[in-house]
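Below is one structure, written out as structure tokens; comments come after it.
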Amino acid sequence: MTTHDQDTIYDDSAPSPGLDPSLPGNDPYGASVDDDTEGARVFTVSGGDWNDLVDEATALHEERIVVNMGPQHPSTHGVLRLILELDGETVTEARAGIGYLHTGIEKNMEFRTWTQGVTFCTRMDYLTPMFQEAAYCLSVEKLLGVTDRIPERASIIRVMMMELTRVNSHLVALGTGGMEMGATTVMTVGFRERERILRVFEAITGLRMNNAYIRPGGVAQDVPHGAVDMVRGVVGEIRRGLGELEMLLNENPLLKGRTVGVGYLDLTGCVALGVTGPVLRSTGLPHDLRKSAPYCGYETYDFDVITRTGCDAYDRLRIRIDEMYESLKIVEQCLDRLQRTEGQPVMVEDKKIAWPAQLAIGGDGQGNSLDHIREIMGTSMEALIHHFKLVTEGFRVPPGQAYVAVESAKGELGCHTVSDGGTRPYRAHFRDPSFNNLQAVAAMCEGSQVADVIVAVASIDPVMGGVDR
């Protein structure tokens with residue numbers, strides 16, 4: 001008679017511990033075929049070394065276990081499904097199943113004006129909205145031929161918002177990755193510092209996420225009064241918070257035991273799979289589009305490209321921490337330039353393109369300022385016509401196609417837009433780094449332990465909104 005408990009299989013026909021195991025039938029670790037099913041084996045566990053039993057079971061080569069991790073698993077960073085084939089605790093095959101989010105963002109953009117497209121792409125990777133907005137708008141501006149006419153102040157604001165977004169994304173990567181390994185304090189500290197950035201976003205754009213702040217031609221509105229001092233204070237607070245994270249993480253023996261040598265992917269693998277961002281820079285290659293193909297004036301800022309050579313999850317974590325310090329350095333340079341350019345425009349001068357950038361907070365929420373409404377309704381028929389045409393129909397973009405890439409927090413984020421001369425994109429397609437980087441799951445995980453899969457995926461830092469767009 002065999003009974004099954006939660007973790008152990010007991011056989012009440014097994015010999016008692018007092019019997020001589022050298023006699024036939026008295027081996028407490030032996031396999032038995034006394035079962036109703038022909039050829040079946042019942043393993044009798046009654047103490048001893050568990051490894052001996054596992055070795056015996058795996059030596060039979062009869063069991064192939066396939067485990068579905070996700071798409072609702074809390075450690076898959078969204079609705080990602082991982083199909084793992086296991087041999088004991090070892091992963092012999094790992095595959096990523098995507099498509100569970102189906103946002104349809106790229107297709108929806110074909111049915112909205114060029115400006116309205118911003119409100120779609122900002123929702124892709126919801127942790128890096130400013131990067132999607134910037135890549136899309138730079139691509140549209142390239143089609144329009146107005147890249148060199150974007151006001152300097154608008155580019156400064158774009159850079160500041162993108163770098164704050166980079167810090168925001170990395171904090172979530174470290175916080176969620178720490179939580180998945182059991183380090184809940186890392187999560188609370190990371191989200192505490194992220195909250196400071198979200199308050200800045202809310203003060204400047206009116207929204208914490210899905211901002212739709214960067215628009216073709218510039219930005220939706222200038223930073224409000226007092227924003228420069230607010231951001232400067234927040235930078236100091238975040239820098240202190242990063243110091244706490246470093247003390248928790250950098251030389252923590254438990255963390256290093258879980259991450260050093262885990263999720264290994266060398267330069268050859270990264271190049272073959274099109275992997276970019278911190279994963280690529282952990283191989284020692286200093287590839288950063290802010291340096292190699294500058295945009296928004298990045299060539300005028302002083303910052304370093306952080307690299308390490310361990311090719312593992314630990315080095316990716318350290319790179320993200322150091323990158324946050326570099327981003328804060330860039331933000332401080334932006335604040336100095338914002339003080340110097342105060343009062344300058346933040347939207348291109350061409351009124352046939354420029355979405356009204358005179359926004360204000362009113363009793364019914366954020367909208368066009370009363371001064372702008374008085375002008376278009378009472379003093380300028382031309383301004384009223386432009387406003388009406390822009391809002392209802394949108395501006396026309398000359399036929400053609402353009403591709404622009406920016407350095408997102410997760411790697412190269414590119415936007416390819418195609419125009420047929422109309423007021424809506426004929427096609428908009430994004431190269432989201434999470435999508436490309438997920439290809440590395442098999443290379444990182446196969447041959448490792450199940451617990452290492454959690455760490456490897458966290459070191460990639462995928463967000464499924466950008467994958468299933």
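The values are calculated or read from the model by the stated rules, or taken from the named source; none is laboratory data. Not measured: the values here are computed from a predicted model. Don't worry about glycine lacking a Cβ; one is built from the backbone with ideal geometry, like all the others, and counts go over all protein chains shown. When the accessible area is computed, the model is the full protein with side chains, heavy atoms only, and any ligands, DNA or RNA have been set aside. Shrake-Rupley method; radii C 1.70, N 1.55, O 1.52, S 1.80 Å.
Okay, here's what the table says:
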quantity: Residue under evaluation residue 328, criteria (1) crowded, with 16+ Cβ neighbours inside 10 Å; (2) more than 21 Å from the chain's Cα centre (by Cα); (3) among the aliphatic types (A, V, I, L, M), criterion not met; calculated: (2)
quantity: For residue 204: the one exception among (1) β-branched (Val, Ile, Thr); (2) under 22 Å from the mean Cα position of the chain (by Cα); (3) surrounded by 15 or more Cβ atoms within 10 Å (Cβ to Cβ); calculated: (2)
quantity: Top-ranked residue in region 221-236 [being farther than 13 Å from residue 203 by Cα and over 23 Å from the mean Cα position of the chain (by Cα); ranked as surrounded by the most Cβ atoms within 10 Å (Cβ to Cβ)]; calculated: 232
quantity: Residue within region 172-187 that is closer than 30 Å to residue 341 by Cα, of a type outside the set (A, V, I, L, M, F, W, C) and open to solvent by less than 40 Å² (accessible area, probe 1.4 Å) present; calculated: no
quantity: Entirely in region 356-463, the strands (runs of 3 or more DSSP E) that have 1 or more residues that are modelled with pLDDT under 90; calculated: 359-362, 365-368
